[in-house]
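See below for the structure under consideration.
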Amino acid sequence: MSKGLFITFEGIDGSGKSTQARLLATLMRDYGNDVRHTREPGGSAGAEDIRRLLVEGDPARWSPETEILLFTAARRDHLERTILPALEAGQIVVSDRFADSTRVYQGVARADLRKTVDTLHELMIGREPDLTFIIDMDPEVALQRGLARNSGEDRFEDMGLQFQKDLRAGFLGLAAQFPERCMLINGNQSPANVSGEIQAVIETWQA
Ligand code: ADP
Ligand code: TYD
C-alpha cells in the first residue's frame, strides 16, 4: 500500500497547470513536506525520451490509437520509476498531467476512444490520483498563452481552437464523473488568485 499523497494538475494547453504545480510544490515544501514534483509526458528518463516523439512535429504524425500506446508506455515507466517509489517513501507527488489527459485528449478530443483508453489504463496503470485540480478557462486565451511560449512543443496546440474547446468540454465531463477527487479551479484570474483557490481546497480536503 502506498503511504504518500498523489496530486495531479489537469487542463487544456496553456491553462496554467505548470505554474500552479510549481507553486503548490514550493508551498508544500515550505510547510516541511517531502515533495516530488514531476510531469507527463515525462517524469522519468525513458518517458522523457518518449515525450519528444509526442510533442514535437506534425499534428498528423501519429494516429490517436498510436498516441494512446505511446502515452501509456511513457506513463508506465513514470509510474514504475518515479511515482510509486516516491509514494512508497511517503512523499507528496505533484504531477503536471496524468491519466486524465489521455482520457480527454485521446479518449474524447482526438477521437471517440474512451473505452480503449480505459481498458489500457486498467491493464497497465491501474492507479488514480488522490486529488486532481482541473484548471478550467477560456480556450482562446489559453491557446494564446500556450503558443506565446514558443516552446517548440506545439504539436497539440497546432490542432487549433476547436480542438481546445473539445478538450475543455472533456475535462468538465471528467470533473462530473469523478467529483470526489476532481476539483474544478477557475483559471481566468491571476496566478496568485488561482493558487489561493487551490490552497483553500487543500485546507478543507485535508481537514
Ligand atoms: P500549462 O502548463 O497549462 O500549459 P503554464 O503554467 O505553462 O500552462 O502557463 C502558460 C503561460 O501562461 C506561461 O507563459 C505562464 O507564465 C502564463 N500564465 C500562467 N498562469 C497565468 C495566469 N493565471 N494569468 C496569466 N498568465 C498566466
Ligand atoms: P504539456 O507539456 O503538459 O503541455 P502544455 O504545457 O501545453 O499543457 O503536455 C504536452 C502535450 O501532450 C499537451 O498538448 C497535452 C498532450 N497530452 C496528451 O495528449 N495525452 C496525454 O496523456 C498527456 C499526458 C499529454
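A short reminder: the numbers here are calculations on the coordinates, not readings from a lab. This is a predicted model, so every value here is computed, not measured. Glycine also receives a Cβ, built like all others from the backbone with ideal geometry; neighbour counts cover every protein chain displayed.
Hull surface divided by four, with the convex hull built on the Cα atoms of the chain: how many nm²? Could the numbers behind the result be given before it?
Details: hull surface 43.2 nm².
Mean orientational projected area (the chain, Cα hull): 10.8 nm².
Taking the stretch 19-110, which GluC sites (Glu not before Pro) meet the DSSP loop condition and have no more than 15 other C-beta atoms within 10 Å? Could the numbers behind the result be given before it?
Values: sites: 48, 56, 65, 67, 80, 88; in loops: 56.
The qualifying sites are 56.
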Could you work out [θ]222 nm for the chain from helices alone, using -39500 (n - 2.57) per DSSP H run of at least four and dividing by all its residues? Round to the nearest 500 deg cm²/dmol. -15500 deg cm²/dmol
Could you tell me the distance between the Cα centroids of the stretch 143-171 and the stretch 24-58, to the nearest Å? 19 Å
Let a ≥ b ≥ c be the square roots of the eigenvalues of the Cα gyration tensor of the stretch 1-113; is it rounded (a/c under 1.5), or, if not, prolate (a/b larger than b/c) or oblate? prolate
Specify whether the C-alpha gyration tensor of the stretch 1-45 places it in the rounded, prolate or oblate class, a ≥ b ≥ c being the square roots of the eigenvalues: rounded for a/c under 1.5, otherwise prolate if a/b is larger than b/c and oblate if not. oblate
How far apart, in nm, are the 7 Å Cα→Cβ label points at residue 61 and residue 49? 1.6 nm
Efficiency of FRET between residue 158 and residue 31 - r from beta-carbon atoms, R0 41 angstrom, step 0.05: 0.55
At a Förster radius of 45 Å, what calculated FRET efficiency corresponds to the Cβ-Cβ distance of residue 165 and residue 124, to the nearest 0.05? 0.90
Shape call, the stretch 114-207: gyration tensor on alpha carbons, a/c limit 1.5: oblate
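For a quick check of your reading of the filter: which chymotrypsin sites (Phe, Trp or Tyr not before Pro) in the stretch 1-93 sit in a DSSP loop and have no more than 10 other Cβ atoms within 10 Å?
Details: sites: 6, 9, 31, 62, 71; in loops: 31, 62.
Filter output for the stretch 1-93: 31.
Normalised by the residues of the chain, what does the relative contact order come to in percent, with Cα pairs under 8 Å and at least six apart? Could you put the intermediate results ahead of the total?
Working: 323 pairs, mean separation 65.8, N = 207.
Once normalised by length, the contact order is 32 percent.
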Cross-link partners among aspartates and glutamates for residue 17, C-alpha distance below 13 Å, same-chain residues fewer than 8 apart left out? 40, 96, 136
Computed lengthening from residue 188 to residue 151, 0.36 nm per intervening residue step minus Cα-Cα distance: 11.1 nm
Amide H neighbours of residue 8 under 5 Å, at least 5 residues apart or on other chains, H built in the peptide plane: list them. 95, 131, 132, 133
